[in-house]
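Structure first, then comments.
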Amino acid sequence: MTTVHLGMPLVRAPRGVGMLREQEPFPAAARRALADPQLRANIRRATGTIRDKRQRMVDEVPDWEQLRDAGSALKAATMARLPELLVQLEEQVTARGGTVHWARDAHEANRIVTSLVQATGADEVVKVKSMATVEIGLNQALEAAGIAAWETDLAELIVQLGRDRPSHILVPAIHRNRAEIREIFRREMPGLGTEVPADLSDVPAELAALSRRHLRAKFLSARVAVSGANFAVAETGTLAVVESEGNGRMCLTLPQTLITVMGIEKLVPTWRDLEVFLQLLPRSSTGERMNPYTSTWTGVTPGDGPQELHLVLLDNGRSATLADEVGRSALHCIRCSACLNVCPVYERTGGHAYGSVYPGPIGAVLSPQLTGVQDNASLPYASSLCGACFDACPVKIDIPRLLVELRAQHVEARAEEHPVPSAEAVAMAAAAWTMARSKRWVRAQRASRIGRLLARRSGRLPALPFPLARWTSSRELPVPPEETFRDWWARERG
Ligand code: SF4
């Protein structure tokens, strides 16, 4: 496949805005998460439930593998012609009464949305769940301009009222349990004018009913809505959002002005292509055969729904990712979250440790690609490379391969910046030297038997001294076997 150019300089996501960068390296943040048993229990329970449901729904589909192949091929073909498809989308949206804005990065997107809201005279907006707007820090930008942004997705609302950060693609409040959610509602809702019953329990139906009362007032008063988009159909300029609660549909139909912020990779060429993704997405994300609500809208219709439609096409590092022939497949992601739910690392640390709105295996790839690998340097290492994410991904993104590629990029970038080699580089060079000659390797294996003596009492090897302690602080060294494979071979077959 050839390199794709969008005709813009290859900008990365800028610093100082949005939620795309780790505040501290993953190992430090993960260590804190691992010390929180409540957090680990919440995440283990939730991911386990979704994982089982997904498996049941996937097992029902006889041609699941062919569907995955089709999704993967469609995404690759779309990325190869993304520039022309984006122009087609712009023409179609414009022809149907919408306005298209191009945003190079988070700052530009925030400026565009803020000025569009200001032009309506509104001082509040309702929001459909949108990861792109969290990525660019839109709520904070609107707040700085005196505009209140109300999240209407229940999980996003919990995160917003808890002054928290999302920790999962699909269930942003997955790290909270019911009792914690009740406490957030009791504390925050009265200040927003929503009466909270004195005997509010933590039964999900009661919590949902309370949030519904709170949100209904917002739906009826807001004149502007901001949404993301799961898909955009280039041939007709149609935008699509899939959701479970119906709150998105309220935002998409009631306000006068609708502003959609969409990453440029969310495109599909035709309506027919949607057929594949609308089968893959719900089964992989919520473990359902169909999304309860699938909303599509095309331009504006006089007298029906929003009368003003703006589409903000967001780059923020995507064209730079697209230009990377190996890394561009990360843009195939349809944000189903299946890779998070099967990841042993995510299950133990939760999403906050990744520091980005995109956590888990795909976040460990996508965030460094959007920001440049130096700005999220520890994320490509936040994986055991077990491959479970690849097996679960409905569009067959080879995440382990991308992680290895990013690790290589990081090692090369570091080597350029630091002429003194790291302990790891020295260890790798020593290993390469040893393995390059059979005699050296055999001698090294014999020497390693000394480890058996050290492990005789405890059955484990002791931690190594610095600088090798950086390896053994989080891993156990295997005790050398009594007999090497070479010795076994010589004994049995020699
Ligand atoms: S990488 Fe694949 S499994 Fe993970 S969220 Fe994206 S589409 Fe889903």
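The values are calculated or read from the model by the stated rules, or taken from the named source; none is laboratory data. Just so it is clear, the structure is predicted and the values come from calculations on it, not from any experiment. All Cβ positions, even for glycine, are placed from backbone atoms using ideal geometry, and neighbour counts span all protein chains on display. Protein only, heavy atoms only, side chains kept; ligands, DNA and RNA dropped before computing areas. Shrake-Rupley method; radii C 1.70, N 1.55, O 1.52, S 1.80 Å.
Treat each spin label as a single point 7 Å out from the Cα along the C-beta direction, and report the THR472 to ALA145 distance in nm. With each label point 7 Å from Cα toward Cβ, the separation is 5.7 nm. In percent, rounded to a whole number, the relative contact order of the chain is 22, using alpha-carbon pairs under 8 Å and six or more apart. For LYS439, no aspartates and glutamates have a Cα falling under 12 Å of its own Cα, not counting residues fewer than eight places away in the same chain.
Helix-only estimate, please: 222 nm mean residue ellipticity of the chain, summing -39500 (n - 2.57) across DSSP H runs of length 4 or more and dividing by its residues, to the nearest 500. List each step's numbers first, then the result.
Details: 23 runs with 243 residues, N = 494.
So the helix-based figure for the chain works out to -14500 deg cm²/dmol.
The figure for HIS310 is an accessible area of roughly 10 square angstrom, using a 1.4 Å probe on the protein chains alone.
First compute the accessible area of the chain with a 1.4 Å probe, then give the percent of it belonging to carbon and sulfur atoms.
Numbers: 12630 of 23400 Å².
Within the chain, the accessible surface is 54 percent carbon and sulfur.
Measuring from centroid to centroid over Cα atoms, what is the spacing of the stretch 298-357 and the stretch 378-412 in Å? Answer, in whole Å: 17. In the context of the full set of protein chains, the chain has a per residue accessible area of 47 Å² (1.4 Å probe).
Find how much the distance from VAL11 to ALA432 grows on full extension, using 0.36 nm per residue of separation minus their present alpha carbon separation; answer in nm with one decimal. Please report the intermediate quantities before stating the final value.
Numbers: separation 421, 0.36 × 421 = 151.56 nm, distance 3.68 nm.
Contour length minus the Cα-Cα distance gives 147.9 nm.
Every cysteine in the chain with no other Cys Cβ under 4.7 Å from its Cβ, please list them in numeric order. Isolated Cys, the chain: CYS251, CYS333, CYS336, CYS343, CYS386, CYS393.
First check a/c for the stretch 1-136, with a ≥ b ≥ c the square roots of the eigenvalues of its C-alpha gyration tensor; if it is under 1.5, answer rounded, and if not, answer prolate when a/b is larger than b/c or oblate otherwise.
Taking the square roots of the gyration eigenvalues as a ≥ b ≥ c, the stretch 1-136 is oblate.
Return the subset of LYS266/LYS396; LYS53/LYS218; LYS127/LYS396 for which the Cα-Cα distance in this structure is over 28 Å, preserving the input order. Write out the running numbers ahead of the final one.
Working: LYS266/LYS396 16 Å; LYS53/LYS218 33 Å; LYS127/LYS396 31 Å.
The pairs that break the limit, which is 28 Å between Cα atoms, are LYS53/LYS218; LYS127/LYS396.
Basic side chains Lys and Arg get +1 at the Cβ, acidic Asp and Glu get -1 at the Cβ, and with that the dipole of the chain about its Cα centre reaches some 2300 debye. Projecting label points 7 angstrom from Cα along Cα→Cβ for SER458 and GLN445 puts them 2.7 nm apart.
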